[in-house]
Amino acid sequence: MLTSFSTVASRNFLRRAASAQRATAKTCFSTSSNVEIEHYTSGWSQEDKDYYTQSGKFQIQTFNKISPKGLARFPADKYEVKGEEFEGGTSHAILLRSHKLQEEEVNVTIRAIARCGAGTNNVPVDRMTELGIPVFNTPGANANAVKELVLCGLLLGSRRIIDGINHMTELGKQGLAKERVEKDKAMFGGREIKGKTLAVIGLGHIGAATARDAAALGMNITGYDPGLSINSALMLPRNISLEDSISAAIADADYISINIPYIKGEGGTHGIIGKDVISHFKSDAVLLNFARGELVDSEALKVFLDSGNGRYISDFPDDLLWDHKNTVLLPHLGASTEEAEDTAAGMAADTIQDYLETGTIKNSVNFPNTALPDRPPNTIRYTVVNKNTPGMLANIAEQFAESKINIVQQINQSRGEVAYNVIDVELGEEVLDLKKLQKDITMLDGVLSSRVIYNNPGVGYARNIDGQYYI
Ligand SMILES: NC(=O)c1ccc[n+]([C@@H]2O[C@H](COP(=O)([O-])OP(=O)(O)OC[C@H]3O[C@@H](n4cnc5c(N)ncnc54)[C@H](O)[C@@H]3O)[C@@H](O)[C@H]2O)c1
C-alpha cells in the first residue's frame, strides 16, 4: 500500500508546491524570438499549438561535480544545466552523484531524477515513487573500468609484481637496486594466465566483459549466473562453459572472479564465498573480488591462504587479511577512472533526455521500463503516472473517448505500486481543449501526474497532489 500523503512530509511538500505555484506567474522563459512561455503552464489548446512549440528550455539541476563531457550531451538549444547554486525552483530534472538528496530539494516541477552511478541509496526512492517521480541510475557505466582492474588483478595474482616493487624500493634505499636486480629476481617468479582457467561468478556488465577479454588473452572460461541476461549472453566468449552452480564453475579454476551484487539477509549473498565454496578451490587458486568485501568470508579465506599458495586480490581492504603475504588489497579503485565518470554522466543525461522528450523509461530503479515507438505525425503524446490499482487504464481511456479523441498507439506498464502510460492521440479537425483534458485526466482518483509532450520543452506537466491540481 502506498503511504498516505497526509503525512508531515507530505504537508511540507504541499506547502512548497503551493509556494512554487505562486511563483509561477513571474517565472517565464524568454526565447530567442522573445516569445515568453510560462513555466509550469500546461496551457493547452490546440489553437495554441504553434505558440507552444516555440522553443523553451528544459532546466536540469545538478548536484555534485558532474563530468562536463556527460553534461555536454544536453543540446544547448533545448537545455539549461544549472549547478547547486541555482535556487530558482523551476528545474525539470535532477542529475546527481553522491549528494544525499532531501525531499525539500525536489521541487514540484521535477519530472525525474538521475544518479550518475549504480547505487541510489542517496535518493529517497520510496518517497519519489509515492510522488510519481522516476529515479534513474546508470548500470554498467563503470563496467569497463572495473573489468580493466580485474584483468590487472589477474596479472597481480600471477606474478609477484607488488612484492617485487616493494623489494626494489627497499634495495634502492640501500643503494643496492642495480647490483641486486638480476640476483633477486628468482624470488618473484610467477605463472602466465594464457591457457589457465578463469571462473567468472556473475556474468553481468562486469563479469561478461571480463570473461570476453580474458578469453581473448588465451584463458579458458567457466561461468555461473542464474540470472544471465540476453545482453550479457551476447557478450560472452564462445568457449565459455556455463555451469549450474558456483562449485561446478570453480572446480578446475586457477582464477575466480566474483562479480555479483552484495545482498544482505536471508537468500542474499553475504559471505557467499565461504568455507563450503572455498573447500572446492584448487590449492593455488587466485580469488579476485572487485565486487564487495562482504561477499567473502574472510576467516574461511584466511585458513585457505595460510594453508597453500592461493591468493586474494581485491579492491575491498580487509581488517583480517590486509597484511597477509598472499593478498593484494587495493583501495576501492574499481570505478575510479575519468572515463567511467564521463560514461555515467553521459548515460544519465541521455536517460533524462529520453524521458523528458519522449516519455521513454529505461534504467529506472522504481518505474517500469517503457518505450513506445516515435510519436507519429499529427499526434500529441500524453504520459500518465498513476497508482497501480484496478480500473485506472479504463478510466484514463474514457477521458479521451469522452473528448472524442482517437488513441493512435499506447503502452501501459506497471511496477509495484506505480503504473505508467504513454498514449499518442490524434489531432483531428476539431479544436480540442487539451488543457481541460489534461486536468480531467490528472485529477482522476489515483493519478499522480501527467505530461503533454509536443516539442515543448519545459511545459505540459501537471500533478495531482492530495486532490490539488498543480501545473
Ligand atoms: N569495485 C568497484 O569499484 C565496483 C564498481 C562497480 C560495481 N561493483 C560491484 O560489481 C558488481 C557487479 O556489477 P555489474 O555492473 O556487473 O552488475 P550487473 O547487475 O550487471 O551483474 C550482476 C550479475 O550477477 C548475477 N548474480 C546475482 N546473484 C548471483 C549469484 N548468487 N550467483 C551468480 N550470479 C549472480 C546477476 O544475475 C547479474 O547478471 C556490483 O554488484 C557491485 O557490487 C564494484
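The values are calculated or read from the model by the stated rules, or taken from the named source; none is laboratory data. Remember, predicted model here, so these are calculated numbers, not experimental data. All Cβ positions, even for glycine, are placed from backbone atoms using ideal geometry, and neighbour counts span all protein chains on display.
Among the residues of the range 312-323, those identified as within 15 Å of the ligand (Cβ to nearest atom) and at pLDDT 95 or above are Tyr312, Ile313, Ser314, Asp315, Phe316. Which of the following residues is part of a helix (DSSP H, G or I) and more than 30 Å from Ile133 (Cα to Cα): Ala300, Ala394? Matching residue, one of Ala300, Ala394: Ala300. Among (1) assigned to a helix (DSSP H, G or I); (2) touching a residue at least 12 places away in the same chain (Cβ under 8 Å), which single condition is Tyr420 missing? The single condition Tyr420 does not satisfy is (1). Is one or more of the residues making up the range 202-211 under 22 Å from Ile161 (Cβ atoms) and either out of contact with any helix residue (DSSP H, G or I) (no Cβ under 7 Å at 6 or more places or on another chain) or away from the ligand (no atom under 15 Å from the Cβ) (or both)? No: zero hits.
So which residues in the range 282-316 are under 22 Å from the mean Cα position of the chain (by Cα) and of a type in the set (S, T, N, Q), if there are any at all?
Asn289
A Cβ distance below 6 Å, combined with a sequence gap of six or more or placement on separate chains, defines the contacts here; from the range 143-172, residues that are within 16 Å of the ligand (Cβ to nearest atom) reach residues that are aromatic (Phe, Trp, Tyr) and part of a loop (DSSP other than H, G, I, E, B) in the pairs Val146/Phe290; Leu149/Phe290; Val150/Phe290. Taking the residues in the range 215-238 that are in contact with a Lys or Arg (Cβ under 9 Å, 6 or more places away or on another chain) and part of a helix (DSSP H, G or I) as candidates, determine which candidate is nearest to the ligand (Cβ to nearest atom). Applying the filter and picking the extreme gives Met235. May I ask you to say which residue of Ala209, Ala112, Ala199 is closer than 17 Å to Ala340 by Cβ, of a type outside the set (Ser, Thr, Tyr) and within 27 Å of the chain's Cα centre (by Cα)? That would be Ala209, the only listed residue that is closer than 17 Å to Ala340 by Cβ, of a type outside the set (Ser, Thr, Tyr) and within 27 Å of the chain's Cα centre (by Cα).
Select from the range 111-134 the residues that are part of a loop (DSSP other than H, G, I, E, B), touching a residue at least 40 places away in the same chain (Cβ under 8 Å) and within 16 Å of the ligand (Cβ to nearest atom) and write down the one among them that is surrounded by the fewest Cβ atoms within 10 Å (Cβ to Cβ). Applying the filter and picking the extreme gives Thr120. Screening Gly132 on (1) at negative phi; (2) in the same structural domain as Ala345 (by TED's automatic domain parsing) shows it passes everything except condition (1).
Criterion applied to Val286, Val303, Val277 was being within 13 Å of the ligand (Cβ to nearest atom), of a type in the set (Val, Ile, Thr) and at pLDDT 95 or above, and the one residue passing it is Val277.
Can you confirm whether Asn326 is closer than 25 Å to Glu192 by Cα, of a type in the set (S, T, N, Q), within 10 Å of the ligand (Cβ to nearest atom) and at pLDDT 95 or above?
In short, no.
Of the set (1) in a loop (DSSP other than H, G, I, E, B); (2) over 27 Å from the mean Cα position of the chain (by Cα); (3) modelled with pLDDT of 95 or more, all apply to Ala248 but (1).
Residues in the range 239-272 that are in contact (Cβ under 8 Å) with a residue 60 or more places away in the chain and either within 14 Å of the ligand (Cβ to nearest atom) or not assigned by TED's automatic domain parsing to the domain that holds Leu228 (or both): Ser257, Asn259.
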